[in-house]
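Enquirer: Right, I'll just put the structure down here and ask away after.
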Amino acid sequence: MKDLTQGPIAGHILRMAAVMVIGMVGQTLYYLVDLYFVSGLGSQAIAGVSAAGNITFVVLALTQILNVGTVALISHAAGRKDKHDANLVFNQSITLSALVGVFVLVAGYLLTRPYLNLVGADEGTRQAGVTYLYWYMPGLALQFAMVSMGAALRGTGIVQPTMTVQVLTVLLNVVLAPVLIAGWGTGHPLGVAGAGLASTLAVTAAVIMLTWYFERLEKYVGFHREQWRPQFAYCKRILNIGLPAGGEFAVMFVLMGLMYWLIRDFGSQAQAGYGIGSRVMQAIFLPAMAVAFSAAPVAGQNFGARNGARVRQTFRAAVLLETAIMAVTTAFCQIAPGSLIAAFTHDPQVIRVGTDFLRIISWNFIGTGIIFTCSGMFQAMGNTWPALLSGVSRLLIFAVPAVWLSNQPGFTLRQVWLTSVATIILQAVLSSVLVQWEMRKKLAFVSAPTSNPAVPAV
């Protein structure tokens, strides 16, 4: 366990973020590597895999329930120096990961086709998305175990083992993708099915490696099978913090699904351009997300140690870092967005749509960074409902004008992108107001003394 209640706050954030961003890049490369090889199958395959990829936002929302709840509670326990409580939280998180993983596997196979029938531009796009998800669904179910283990380590201030595992599994995915998708060396290309299978095999390898790490090397939290029996009080604590955070990601899924629905009449090339552009945007966001994800355990441990001044300092440091990172990425997307899109397709219409999307949407990057930071702070203070409120408000103020515009003569893609920019800025303002209000409520306690605080009863 790394003590984040002492030492320079910005240094803690940067050290954790530097390691974490490598792992996050690796996680994103699951999709980008698949997308690169799938692009050779045509615009319908790109659009289908991109649209199907939105289902992963549902899974991400569910994993966030475990991720955020586990990180927050373990970081609080680590701040209090309460190892017993940290272990109970971790093992109850493992139990929940198994239960939710089974649910996702069953629900995914039942709901994939209805979802793709709703958002796919044509039959070829829909079939490509269904095939991809059917092969990727086992990997999505296994994500929950991987997330629980990674969250436990992050809550204790340790991120390198998770990063190492993610990098190794990305390398495995890079090797498998061309073999399974394009048939390199085998002469039997599986197409989009190969993309899903490659990712499933990579996630399986990640779970095996992290399990080995916890069994052999981890000392602070570990598997205690006698603690796997569901305990309502601990499950409730995890879900209390995690459910709103999961809802926040579910809102993102609805927003992206709404985007695909709004632009479906522009054809599969428009959906492909948006799909590539949104995936590139997610990759661009990784450094900023790493800062927000690193700020959460730093602030969380100090919250557990009842050191309000350091919690506030963490917020200020994270906002400054986020703003600097997003300013650079905004400038790049204004200068050369087309080069990012052209790396994945040679279709001029797809490149044009993706380029226009990135150039316009980049104006909300700084606002997005502020939203990330605020979400991390809500997690650290153990109340993620304000973040969900912020996300739902954005959904409403985007959906109403966007749907109205889609029914007007002369409706264009640019109107969708511009509406998105405006609503992100409004959400950033609301999130900032809510986090300041939450800090005034939650940080009213006196800063902790230098000696170890008393450990509350479990």
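The values are calculated or read from the model by the stated rules, or taken from the named source; none is laboratory data. What you see is a predicted model, and the numbers here were worked out from it, not measured in a lab. Reconstructed Cβ throughout: ideal geometry from the backbone, glycine too, with neighbour counts over all protein chains shown. Areas reflect the complete protein model, heavy atoms only, side chains present, ligands, DNA and RNA absent. Shrake-Rupley method; radii C 1.70, N 1.55, O 1.52, S 1.80 Å.
Enquirer: Once the piece of chain linking residue 219 and residue 186 is laid out straight, how much longer is it, given 0.36 nm per residue of separation minus the C-alpha distance between them?
Expert: Details: separation 33, 0.36 × 33 = 11.88 nm, distance 4.36 nm.
Contour length minus the Cα-Cα distance gives 7.5 nm.
Enquirer: Over 21 Å between C-alpha atoms is what I'm after, so list which of 81/441; 2/219; 81/219; 2/441; 83/441; 219/442 land there.
Expert: On the way: 81/441 24 Å; 2/219 12 Å; 81/219 14 Å; 2/441 28 Å; 83/441 27 Å; 219/442 31 Å.
Pairs exceeding 21 Å: 81/441; 2/441; 83/441; 219/442.
Enquirer: Probe of 1.4 angstrom, ligands and nucleic acids ignored: what's the accessible area per residue over the chain, in square angstrom?
Expert: Per-residue accessible area for the chain comes out at 39 Å².
Enquirer: Run the helix sum for the chain: -39,500 (n - 2.57) per DSSP H stretch of 4+ residues, divided by residue count, reported at 222 nm to the nearest 500 deg cm²/dmol.
Expert: On the way: 16 runs with 364 residues, N = 458.
My calculation for the chain gives -28000 deg cm²/dmol from helical runs alone.
Enquirer: Between residue 240 and residue 84, with labels modelled 7 Å along Cα→Cβ, what's the label distance in nm to one decimal, could you check?
Expert: Those two pseudo-labels are separated by 1.9 nm.
Enquirer: I've got another one for you. If you average the C-alpha positions of segment 70-122 and of segment 284-358 separately, how far apart do those two centres end up, in angstrom?
Expert: 24
Enquirer: Separate question: What is the gain in length, in nm to one decimal, between residue 327 and residue 10 on full extension, counting 0.36 nm per residue of separation less the C-alpha to C-alpha distance?
Expert: On the way: separation 317, 0.36 × 317 = 114.12 nm, distance 1.86 nm.
Extra length available between residue 327 and residue 10 comes to 112.3 nm.
Enquirer: Let me ask another. I need the peptides 305-315, 398-408 ranked by packing, meaning the mean over residues of other C-beta atoms within 10 angstrom, with the highest value on top. Display every interim value, and only then the final one.
Expert: Details: 305-315: 20.7, 398-408: 13.9.
Listed from highest to lowest mean packing, they are 305-315, 398-408.
Enquirer: On the protein heavy atoms, probe 1.4 angstrom, tell me the percent of accessible surface of segment 357-436 carried by carbon and sulfur.
Expert: Answer for segment 357-436: carbon and sulfur cover 75 percent of the accessible area.
Enquirer: To test your reading of the geometry: what angle, between 0 and 90 degrees and rounded to tens, separates the Cα axis of helix 55-80 from the longest principal axis of the chain?
Expert: 10
Enquirer: May I pose another question? Which percent of the accessible heavy-atom area of segment 139-181 goes to carbon and sulfur, probe 1.4 angstrom?
Expert: Numbers: 950 of 1150 Å².
Roughly 82 percent of what the probe reaches on segment 139-181 is carbon or sulfur.
Enquirer: Then there's this: How large a share of the accessible area of segment 189-248, in percent, is made up of carbon and sulfur atoms when the probe is 1.4 Å and the other protein chains stay in place? Working shown, then result.
Expert: Working: 1920 of 2930 Å².
The C+S portion of the solvent-accessible surface of segment 189-248 is 66 percent.
Enquirer: For 188, 12, 346, 224, give me the order by solvent-accessible area with a 1.4 Å probe, most accessible first, ignoring ligands, DNA and RNA.
Expert: Greatest to least solvent exposure: 346, 188, 224, 12.
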